Amino acid sequence: MALRCTWAVFLVLLATSGFLHASRVEESDDDLDGEYGAGELAVAQAHAADLRNRLTEVETDTGGGPSAEAIVYDLAGSLVADDLYWYQYDAFNRLACVRLKGTLEFDADGRVTGGAPGAWRAHFAYDGLGRLISKQVPWGAHASDVRWCWYYYDGVRRIAEVFRDPLMVGGGIGGGGPPGGGGYSTYTD
């Protein structure tokens, strides 16, 4: 199978506002006849952005008709929700939590107006200097299985990442690890 990708960018400026429209089309040549024709469309995407260079819409067509993805921003300009996820920020506008969007609904200012969020996908913590110091993500089939990652710094440079994987048996590097399963792995710069 051969694959061809085509990009196009259009800039439209209006008197009161403007937007950038970009599109990408991937076509496949499934029968390898050298023809990229009808019936061989892999995916087509169109993106629209406002004057602040924020995505305002992503439209995807995989052959069954286009579907539009709603993108929501808050008053600070941070991405609050896309088609899959709900993003939450701390008081310093740093990403603190990512959850599945669930049935949440938002107003024009990015505030939740109703619905229920889905399961969490990541939690982040920062130190007093604003550096990322830990991340938690669900890991494995059980909701209680969580993979931890701690980040260590020498000034502003990250020098080590330590992972605790709840599914790792035998304890990681050197065979050591906490009792009851799970283990630690260290990666350094």
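The values are calculated or read from the model by the stated rules, or taken from the named source; none is laboratory data. None of the values given here were measured: they were computed from a predicted structure. Each accessible area value is taken on the protein alone, full model and side chains, heavy atoms only, with ligands, DNA and RNA left out. Shrake-Rupley method; radii C 1.70, N 1.55, O 1.52, S 1.80 Å.
Observations on the model:
- Looking across region 123-162, the residues that are open to solvent by 40 Å² or more (accessible area, probe 1.4 Å) and part of a loop (DSSP other than H, G, I, E, B) come down to Gly128, Leu129, Arg131, Trp139, Gly140, Ala141, His142, Ala143, Ser144, Gly155, Val156.
- The set of residues in region 101-122 being assigned to a loop (DSSP other than H, G, I, E, B) and either on the phi > 0 side of the Ramachandran plot or of a type in the set (D, E, K, R) (or both) consists of Lys101, Gly102, Asp107, Asp109, Gly110, Arg111, Gly115.
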